Amino acid sequence: MAESSLTFDSVPAEKPARGSSTLVRVGKYTLVRGITLFITVVIGVYLTVLIANMGGYVDDIRRGEIQEQVSIRIMNDPALKNLPVEERRKRIAEEVALEERRLGLDQPFLIRSFRFLRNALTLHLGRAQLMTSDSGSRQVRLIILERLPTTLLLFGTSNLLLFFISLSIALGLSRKYGSLMDRVFVALSPTSAAPGWFYGIFLILVFAALLHWLPFGGMVDAPPPKDPLAYLLSVAKHMVLPVAALLLSAIFVSVYSWRTFFLIYSSEDYVEMARAKGLPDRMVERRYILRPTLPTIITSFALTLISLWTGAPIFETIFNWPGLGRTLFQAIGLFDTAVIVGSTVIFAYLLAATVFLLDIIYALVDPRVRIGGSGGRS
């Protein structure tokens, strides 16, 4: 009786122990995962700082520019023309040293790189060296925020269309394996090896240069229409060619990859059993194909949303689209480190946050995934 009493009394004590252990496991996993992603972001941003400054060579270029600008200004100043040569040289050296001290160029690059890293990680993006926003501000934050809506408009429209169209077509082709349409998409999938800007040039030559149906580039007519509806129609007209170029460059390989992915799940035994029971094809696809593939679909969709931030430097330059990609391309050409690092650190934070949230979403949509479990799946 004593043994049975002990056994009976010990059973209720297991429930709070299990609950507390689950909370500890999830908390530990969240902490470790967050620290790991943050370290990854720090390493990526610091490498961007080093590359954008070319290991300090950009600082040498800026010192040379300061020396040249100060020398020209003092040499052309009528009030200083009568000064002796040595006095003018001394004046130039003093003003150059003052300007370098103001910009922090009097300190070693290693110290400046860690200060740049700290400011970037805390989202103190600072001021651009040469670039300005349309309002004339040199604040990197304003430059990025000003270009962001146009990039999201173009790449958001094209990538979301690509994602849902390719998913729908691929699901249809998985039902008709070996059909004519299936063979067409398989045969045309290598055409996606060409980048979007290649198709952009081709479409511009045909529909803008030869047929004169659509504009060569830009976002809106010049001057922009004052009527809101006319403005929207003008933007839509300018988006036709870039959206078509992006779709042509990726639609066939995207459909091919998703179609192959769905075919793998369609050949599982439980899918064949469900079809043998006489379940409709729509129900089989929804319950036995789409549900197991939901984590992968969510991952692809989340990374698609993150990629909207980056834009495409060459693509936006060809279409003269005023987005983040073209801004980054101009910043690289001007060695404007602040804009380069600002764009990179925002993308790094978004990517890390997406990866972190995907782990949580996996646990919600896939019961096989256990957050913080020893094997990851149970």
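Quick notes
- Length-normalised contact order for the chain - Cα pairs under 8 Å, 6+ apart - percent: 24 percent
- Here the Karplus curve 6.51 cos²θ - 1.76 cosθ + 1.60, taken at θ = phi - 60°, turns the phi angles of segment 49-59 into couplings of 4, 5, 5, 5, 8, 6, x, x, 5, 5, 4 Hz, with x standing for Gly and Pro.
- Measuring spread by the Cα atoms of the chain yields a radius of gyration and Dmax of 29.2, 113 Å.
- Taking a Cβ cut-off of under 10 Å around THR327, the surrounding Lys, Arg, Asp and Glu residues balance to a net charge of -1, with basic ones at +1 and acidic ones at -1.
- Sorting LYS176, LYS226 from the fewest to the most surrounding beta carbons within 10 angstrom yields LYS226, LYS176.
- Contact order normalised by residue count of segment 140-335, Cα under 8 Å, 6+ apart, percent: 34 percent
- Once backbone amide H atoms are built at 1.01 Å from N, ASN53 has no partners under 5 Å, excluding neighbours fewer than 5 places away on the same chain.
- Near ALA312, the amide H atoms lying under 5 Å from its own belong to GLY325, ARG326; only residues 5 or more places off or on other chains count, and H is placed 1.01 Å from N.
- Using a cutoff of 8 angstrom between alpha carbon atoms and counting only pairs six or more residues apart, the relative contact order for segment 18-121 works out to 38 percent.
- Cβ-based net charge around MET75, under 9 Å, with every Lys or Arg adding one and every Asp or Glu removing one: +2
- Listed by chain and number, the lysines placed with their C-alpha closer than 29 angstrom to that of LYS226 are LYS237; residues fewer than eight positions away on the same chain are left out.
- Most mobile of SER179, SER133, SER168 in a GNM of the chain (Cα contacts under 10 Å): SER179
- Inter-probe distance in nm under a simple model that places probes 7 Å from Cα toward Cβ, at ASP60 and TRP213: 5.4 nm
- ³J(HN,Hα) computed for each position of segment 281-290 - Karplus, 6.51 cos²θ - 1.76 cosθ + 1.60, integer Hz, glycine/proline x: 4, 4, 5, 5, 5, 5, 8, 10, 10, 5
- Each of GLU86, GLU285, GLU100 was scored by other Cβ atoms within 10 Å of its Cβ. Listed from fewest to most, they are GLU86, GLU100, GLU285.
- In sequence order, calculated HN-Hα J values of segment 209-216 (Karplus, 6.51, -1.76, 1.60; Hz; x Gly/Pro): 7, 8, 8, 6, 8, 10, x, 5
- Under-5 Å amide H pairs with ARG127, H placed in peptide plane, nonlocal only: VAL140
- Candidates LEU105, LEU152, LEU358, ranked by Gaussian network fluctuation over the chain, Cα under 10 Å, top entry: LEU105
- Nearest-0.05 FRET efficiency for ILE314 and ARG102, computed from C-beta distance (R0 45 Å): 0.80
- Theoretical FRET efficiency, 1/(1+(r/R0)^6), r = Cβ-Cβ of THR122 and LEU161, R0 30 Å, to 0.05: 0.25
- The slack between LEU294 and ARG175, meaning 0.36 nm per residue of separation minus the straight C-alpha distance, is 41.0 nm.
- For the chain, adding -39500 (n - 2.57) for each run of n ≥ 4 DSSP H residues and dividing by the number of residues yields -23500 deg cm²/dmol at 222 nm.
- For segment 192-303, diffusion coefficient by Stokes-Einstein and Kirkwood Rh (Cα), 4 °C, 1.567 mPa s, µm²/s: 74 µm²/s
All of the numbers you see were taken from the coordinates with simple rules; none came from a lab. Keep in mind it's a predicted model, so treat the numbers as computed, not measured. With ideal geometry, Cβ positions are generated from the backbone for all residues, glycine too; neighbour counts draw on all protein chains shown.
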